[in-house]
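> Have a look at the structure that comes next, please.
The values are calculated or read from the model by the stated rules, or taken from the named source; none is laboratory data. This one's a predicted model, so the numbers in the text were calculated from it and none came from an experiment. Reconstructed Cβ throughout: ideal geometry from the backbone, glycine too, with neighbour counts over all protein chains shown.
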Amino acid sequence: MVSILRDLEVEEDLPVIYSRRLDSIILSDVHIGYEEEMASKGIFLPRIQKKRFLSIYRRALDVFKTNKVIINGDMKHRFNGLGRQEKEDLTEIFKDMKENGTIVKLIRGNHDNYISLVTEKFDNIELLDEIESEDLFIFHGHREIEPKDGKIYVIGHEHPRISIRDKLGFAKKFQCFLVSPIAGNSYVIALPALGGYQSGNDISLVHSGYMSPLMKRHAILEKAKPFVIVENEGIMEFPELNLLKNIIL
């Protein structure tokens with residue numbers, strides 16, 4: 001296992017982190033129901049979100065030897081309701097987690113309106129706005145907070161991705177975890193999106209390119225370090241963004 005910060009670890013090519021303190025995997029931005037939303041706009045996509053989530057969460061529980069999952073926001077996709085297929089997929093996922101003995105803490109993201117209509121039927125799921133444990137603070141990242149000294153903030157919302165230019169000028173794109181210092185000896189860790197269609201937003205040294213208020217206003221981007229997911233290979237620790245500025249897009 002690779003420690004990305006204190007007791008927070010990553011392993012293999014999984015887009016999740018593991019907290020030893022909480023004995024939990026933490027993942028984000030699943031966006032169940034995305035295909036249904038796109039179909040309503042005339043764009044028909046293969047239905048992969050549910051299958052991908054089930055595969056990754058089961059594998060992660062096995063790798064990290066735990067039965068606890070923290071979903072850090074945007075488990076569902078539709079803003080203004082609960083789609084028929086979205087509800088069915090969520091119900092099947094939560095039923096699978098219940099039958100497998102998985103304990104779930106689901107932190108609300110900006111897409112998670114009406115998700116309580118599904119979660120209320122499962123006694124293994126707790127719906128929360130945030131989780132705080134000593135110096136660890138987990139929330140989705142879409143709302144504005146004033147950071148405190150000595151904290152580690154774990155957020156979703158960003159869908160971080162690194163795009164690297166090769167010698168011929170072609171770009172290769174990889175999902176990543178982004179670990180950035182902020183003032184007061186604190187850090188923010190942005191999790192990659194788990195959803196297969198949430199390919200990511202390019203990380204850079206430009207604050208305005210980020211979505212989370214915490215990243216926009218407080219991240220010391222020159223010192224931010226990506227941990228890059230290379231599919232079927234593993235996770236690679238990259239240098240700080242200031243040293244990558246000539247090769248990232």
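> With a cut-off of at least 2 residues that are surrounded by 13 or more Cβ atoms within 10 Å (Cβ to Cβ), modelled with pLDDT of 95 or more and not aromatic (Phe, Trp, Tyr), name the strands (runs of 3 or more DSSP E) lying wholly within the stretch 128-221.
Here the list reads 136-138, 152-155, 160-165, 171-182, 186-190.
> Let me ask something additional. Determine, yes or no, whether Lys50 is within 20 Å of His140 (Cβ to Cβ), of a type in the set (Lys, Arg) and either touching a residue at least 40 places away in the same chain (Cβ under 8 Å) or in contact with a Lys or Arg (Cβ under 9 Å, 6 or more places away or on another chain) (or both).
no
> Name every residue in the stretch 222-236 that is in contact with a strand residue (DSSP E or B) (Cβ under 8 Å, 6 or more places away or on another chain) and either surrounded by 15 or more Cβ atoms within 10 Å (Cβ to Cβ) or in a helix (DSSP H, G or I) (or both), in order of residue number.
Lys223, Ala224, Lys225, Pro226, Phe227, Val228, Ile229, Ile235 - these are the residues of the stretch 222-236 that are in contact with a strand residue (DSSP E or B) (Cβ under 8 Å, 6 or more places away or on another chain) and either surrounded by 15 or more Cβ atoms within 10 Å (Cβ to Cβ) or in a helix (DSSP H, G or I) (or both).
> Same structure, new question: Restricting the search to the stretch 22-54, which residues are assigned to a loop (DSSP other than H, G, I, E, B), surrounded by 13 or more Cβ atoms within 10 Å (Cβ to Cβ) and not β-branched (Val, Ile, Thr)?
Leu22, Asp23, Ser28, Asp29, His31, Gly33, Leu45, Arg47 - these are the residues of the stretch 22-54 that are assigned to a loop (DSSP other than H, G, I, E, B), surrounded by 13 or more Cβ atoms within 10 Å (Cβ to Cβ) and not β-branched (Val, Ile, Thr).
> Which residues, counting only those in the stretch 55-71, are touching a helix residue (DSSP H, G or I) at 6+ places or on another chain (Cβ under 8 Å) and either of a type in the set (Phe, Trp, Tyr) or part of a strand (DSSP E or B) (or both)?
The answer is Tyr57, Val69.
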